[in-house]
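The structure under discussion appears below in the form of structure tokens.
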Protein chains: 2
Amino acid sequence: KKLIKKPVNQPRFEKYVVPMSLHAENRAKLVKALGETLSAAGKENGVVLLQGGEQQTRYDTDHEPLFRQESYFAYLFGVTEAGFYGAVDVATGKSILFAPRLPSEYAIWMGKIQPPQHFKDKYEVDEAKYVDELSATLMELGGEGGAPTLLLLHGKNSDSGSWAAPAEFEGIGSFLVDKTTLFPVLSECRVRKSQAELDLLRYVNRVSTAAHIEVMRRVKPGMTEYQLESLFQHFCYFEGGCRHCSYTCICASGDNAATLHYGHAGAPNDKILSDGDLILLDMGAEYHCYASDITCTYPVNGKFTEGQETVYNSVLAASEAVMEAMKPGVAWPDLHRLAERRILEGLVEGGVLIGSVDEMLEADLGAVFMPHGLGHFMGLDTHDVGGYPEGVKRSEKPGLRSLRTARTLEEGMVITVEPGCYFVEATLGPALQDPDRSRFFVLEEIEKLRGSGGVRIEDDVIVTADGCENMTDVPRKTYEIERVMAGESWPLPVSRG
Amino acid sequence: KKLIKKPVNQPRFEKYVVPMSLHAENRAKLVKALGETLSAAGKENGVVLLQGGEQQTRYDTDHEPLFRQESYFAYLFGVTEAGFYGAVDVATGKSILFAPRLPSEYAIWMGKIQPPQHFKDKYEVDEAKYVDELSATLMELGGEGGAPTLLLLHGKNSDSGSWAAPAEFEGIGSFLVDKTTLFPVLSECRVRKSQAELDLLRYVNRVSTAAHIEVMRRVKPGMTEYQLESLFQHFCYFEGGCRHCSYTCICASGDNAATLHYGHAGAPNDKILSDGDLILLDMGAEYHCYASDITCTYPVNGKFTEGQETVYNSVLAASEAVMEAMKPGVAWPDLHRLAERRILEGLVEGGVLIGSVDEMLEADLGAVFMPHGLGHFMGLDTHDVGGYPEGVKRSEKPGLRSLRTARTLEEGMVITVEPGCYFVEATLGPALQDPDRSRFFVLEEIEKLRGSGGVRIEDDVIVTADGCENMTDVPRKTYEIERVMAGESWPLPVSRG
Ligand SMILES: [Mn+2]
Ligand SMILES: [Mn+2]
């Protein structure tokens, strides 16, 4: 089918209105899970209290970076403004938001000062008050029993190693606080997504998918990497209303593709695209704090070389094998190994490696070419929470130890499938020095590939009852990419006999 | 002249290569000024030590917001990477950068690990070392005299009220520290821009100017405000290489224009543009940490109404009067008053106000319509430093007290000229209740304007030896705007007889 020409300047995607019932459902899920956990531990019910993000300023200046809500707070309340608190009474499920009391100059500089009722209506909570009423309101929730126990969020993020900071407020000293119960329960709630969350994730994936295709059509040798970042961001915002990206765009051409998180301020997407190079584009939009995370890799000039095709098809075979195998009950580390196997098989077939793939896996050769994990949970954070709950251990083996989760798949999980194959000096160098691994190398082929960067193919996938659903729909086969880059529509027109 | 069609996908602006001599010059200026200050105070020379910005993560996650260097550090060293320190020996002028020693995984995830020599060459400093060599290196600078005095940056930013945080490092206890001398001297250095700084500011202004014109040509009723933000950002990045904007874009249509800093997360540029409304666009790109800050106001449908023209031309008259009067020796508060006078005169002429403009000024009526200052220094920060050095007092009068500087103009200062006239409930309401001010109102005209938003016209201006240079060149006269919105080129073609 042909692309329908949209009216001038109208967004391609209709405004996605997020129903606030999404957050009510999230709260209900938490209340149920917490009730069970507390009663199993013989503890009394308490009141969940979260502190939302605060507006920051840059260094000592009055420059205010665009505020983005803290993800746990966003999960439960969906509040887009800074400076809020939110409470949920576990016994009754009652939800209360606390809005900051704003100074009168706010009306001149920042906008209309809204009363609590405005936020009660906007976020569909049971009650809304001012932050300065927080202590008294929580006390009332305790009723005759006196000050209720506050369930505060405190725990370690397994991707960053940083700790979630429990809420603080004036008067907290009058309450009992429980800083251990909430974190694992709330994190676990976020792991399996609701239908409303999945719909939202599908939307932001649709926008990002279309943006990737737009960029794919525009890439030409001589452009600079950051121009693709700019095109992507513009498409997602202008056409899809996505003001944030989930993470800094990685627009890595040629050897830059071997730097997994290229694109940051120290390596800022500033190389000119060379005819003959591949470009690896890892970019995803965010909407209402929900992420997408998609990588496409293709030739700058629109035509794969034979060597590029060898590497690319190895990675694509891994991606396809993983998605075929994905379903509840399958352990993610096994799929990581499966991806490594397919990639190594592809490299053997392409004449880059020689020998037994089983022996290669035994020697951890997979991690030389794919030094990152196969994929990660995705939701409110790009690297979403819950990867290593209590009882799930991180492997110590190369490759497997880089996995952001070692869990067994369950229905409703959303995870990225992102096999990659890179020619990274930092892993290739040591492997070449190590006879146990270098024995598999066809040295002149490896030499040809050194400095060529690498390939990553990343899709965002939902685990369903009996398999998976790939939310990402971009050209993946080399012929599909080449035809779309040459100007054909996507999906490709059905070929006529 | 016609716009020349640029080759497909090539940026419209050639890459601006910032000479590192800009920062060497900044350092030399500081060394000279510090030498004088220290010797006048009978103090010994010391070593300036600044700590650059650190990479942040969002809340407890591993999400890394795009790093942007701290402005004082950027001024002296131009370093774009996080985690650096920089020292300047006042006695010799010798400059030393200290780079973080990166872990080996950095090579896989973030890019090539560069030795200090790389940064010495890149930033043209006299020496480069690792951060873990900081203490020993500083000690050596002291020579036979022992540990040198470290001049650290500590002082209050007059726009934010926040304090610059002095450098900290392991071993600082072995040094004498002076936390009072550096801040006022370094801030003062930043107030008068060098030729290299002015060239850079002109560049980023050129890009922003062109981006505003691009947006102006695209605005149509039915679009959403944020689509203009997206267009602006995309143009500045794709065409001009500006990855950051200086501040969050303000795209305020209709009554939103009365909110001076509209566009933040609590008021996120999400209104649909209405036929008949004005739109106020306050947007500026940043390049190599140097800012621009431009506001255009025009009708969404491309044609001013008579009422809109009254308000707009009052503000334009103020802008023109101020720029005509600007030159070294003129006090900025006097120009603020001049702007108020022109705006009030315009409103009298348009039949919105009645009575003596002198009496209106006496009654502080100006601040009802322009509740912000006439303009602010601009440089590495949008609201640049040095507005209130010791001895310069902030007025307590409405309007004047909002000025971000009360200084007398000097050659080389860069300041925004941004008169505005708004119909803000928060100032209009009280004024209507106050007989001393409401006596000037033509009530039915004021009623018509309530809720109509407002007008701001903002240019970025250099104070020259005998006047000023306006770096901003966008259509300003109502007929210019209307013709450019109708598709004519800018500058307008010279009319044929
Ligand atoms: Mn990913
Ligand atoms: Mn300004």
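Before moving on, here are some points about what is shown:
- For the stretch B:39-48, the condition holds for no residue, the condition being that it is of a type outside the set (Phe, Trp, Tyr) and at the interface with another protein chain (Cβ under 8 Å from one of its Cβ atoms).
- Residues in the stretch B:175-190 that are within 20 Å of the chain's Cα centre (by Cα) and either surrounded by fewer than 20 Cβ atoms within 10 Å (Cβ to Cβ) or not in a helix (DSSP H, G or I) (or both): B:PRO184, B:GLU188.
- Subset of the stretch A:318-333 that is in contact with a Ser or Thr (Cβ under 9 Å, 6 or more places away or on another chain) and part of a helix (DSSP H, G or I) - its residue that is least open to solvent (accessible area, probe 1.4 Å): A:TRP332
- Looking only at the stretch B:449-474, and only at residues there that are under 11 Å from B:MET323 (Cα atoms) and open to solvent by 30 Å² or more (accessible area, probe 1.4 Å), the one that is nearest to ligand 2 (Cβ to nearest atom): B:ASN470
- Residue check, B:LEU353 open to solvent by less than 40 Å² (accessible area, probe 1.4 Å), without any contact (Cβ under 8 Å) to a residue 40 or more places away in the chain and closer than 25 Å to B:THR427 by Cα: no
- Condition met for B:LEU492 (under 19 Å from B:ASP255 (Cβ atoms) and either open to solvent by 20 Å² or more (accessible area, probe 1.4 Å) or aliphatic (A, V, I, L, M) (or both)): no
- The stretch B:421-434 residues that are of a type in the set (Ser, Thr, Tyr), paired with ones that are open to solvent by 20 Å² or more (accessible area, probe 1.4 Å) (beta carbon under 7 Å, 6 or more apart): B:THR427/A:ILE108
- Contact map, the stretch A:8-21: residues that are within 12 Å of another protein chain (Cβ to nearest Cβ) and farther than 30 Å from A:LYS120 by Cα paired with residues that are of a type in the set (Lys, Arg) and not in a loop (DSSP other than H, G, I, E, B), Cβ distance under 7 Å, separation 6+ or inter-chain. Pairs shown: A:ASN9/B:ARG218.
- Residue within the stretch B:120-127 that is of a type in the set (A, V, I, L, M, F, W, C) and out of contact with any Phe, Trp or Tyr (no Cβ under 9 Å at 6 or more places or on another chain) present: no
- Residue pairs meeting the criteria (Cβ under 7 Å; at least 6 apart or on separate chains; first within 13 Å of chain B (Cβ to nearest Cβ) and free of Cβ contacts under 8 Å to residues at least 60 places away in the same chain, in the stretch A:375-401; second aliphatic (A, V, I, L, M) and open to solvent by less than 20 Å² (accessible area, probe 1.4 Å)): A:PRO398/A:ALA367
- Selection of the stretch A:49-77 for residues being within 13 Å of another protein chain (Cβ to nearest Cβ) and in a strand (DSSP E or B) yields A:LEU50, A:GLN51.
- Applying the criterion of being away from ligand 2 (no atom under 16 Å from the Cβ) and outside any helix (DSSP H, G or I) to the residues of the stretch B:412-438, the residue that is farthest from the chain's Cα centre (by Cα) is B:ASP434.
- Breaking point among (1) open to solvent by less than 30 Å² (accessible area, probe 1.4 Å); (2) outside any loop (DSSP other than H, G, I, E, B); (3) out of contact with any Phe, Trp or Tyr (no Cβ under 6 Å at 6 or more places or on another chain), for A:ASP199: (1)
- The set of residues in the stretch A:29-50 that are among the hydroxyl-bearing types (Ser, Thr, Tyr) and surrounded by 14 or more Cβ atoms within 10 Å (Cβ to Cβ) contains only A:THR37.
- Candidate set: the stretch B:451-461, residues that are in a loop (DSSP other than H, G, I, E, B) and within 14 Å of chain A (Cβ to nearest Cβ); chosen: the one nearest to ligand 1 (Cβ to nearest atom): B:GLY453
- Residues within the stretch B:258-297 that are under 20 Å from B:PHE369 (Cα atoms) and more than 22 Å from the chain's Cα centre (by Cα), tallied: 2
- Among residues of the stretch A:51-69 that are among the β-branched types (Val, Ile, Thr), those with a beta-carbon under 9 Å from a residue that is outside any loop (DSSP other than H, G, I, E, B) at least six positions away or on a different chain give the pairs A:THR61/B:SER71.
- Restricting attention to the stretch B:345-374, the residues being within 13 Å of ligand 2 (Cβ to nearest atom) and away from chain A (no Cβ under 14 Å) number 1.
- Any chance A:LYS193 is modelled with pLDDT of 95 or more, touching a strand residue (DSSP E or B) at 6+ places or on another chain (Cβ under 7 Å), open to solvent by less than 40 Å² (accessible area, probe 1.4 Å) and basic (Lys, Arg): yes
- Filter pass, A:GLY412 being touching a residue at least 60 places away in the same chain (Cβ under 8 Å) and either of a type in the set (Asp, Glu) or over 24 Å from A:ALA363 (Cα atoms) (or both): yes
- Candidates are the residues of the stretch A:210-225 that are assigned to a helix (DSSP H, G or I) and open to solvent by 10 Å² or more (accessible area, probe 1.4 Å); the one that is nearest to A:GLU411 (Cα to Cα) is A:ALA210.
- Filter result (at the interface with chain A (Cβ under 8 Å from one of its Cβ atoms) and not hydrophobic (A, V, I, L, M, F, W, C)) within the stretch B:191-225: B:ARG218, B:LYS220, B:GLY222, B:THR224
The values are calculated or read from the model by the stated rules, or taken from the named source; none is laboratory data. All values reported here derive from a predicted model rather than from experimental measurement. Using ideal geometry, Cβ is built from the backbone for each residue, glycine included, and neighbour counts are taken over all protein chains shown. Note: accessible area is taken over every heavy atom of the protein model, side chains too, but ligands, DNA and RNA are not part of it. Shrake-Rupley method; radii C 1.70, N 1.55, O 1.52, S 1.80 Å.
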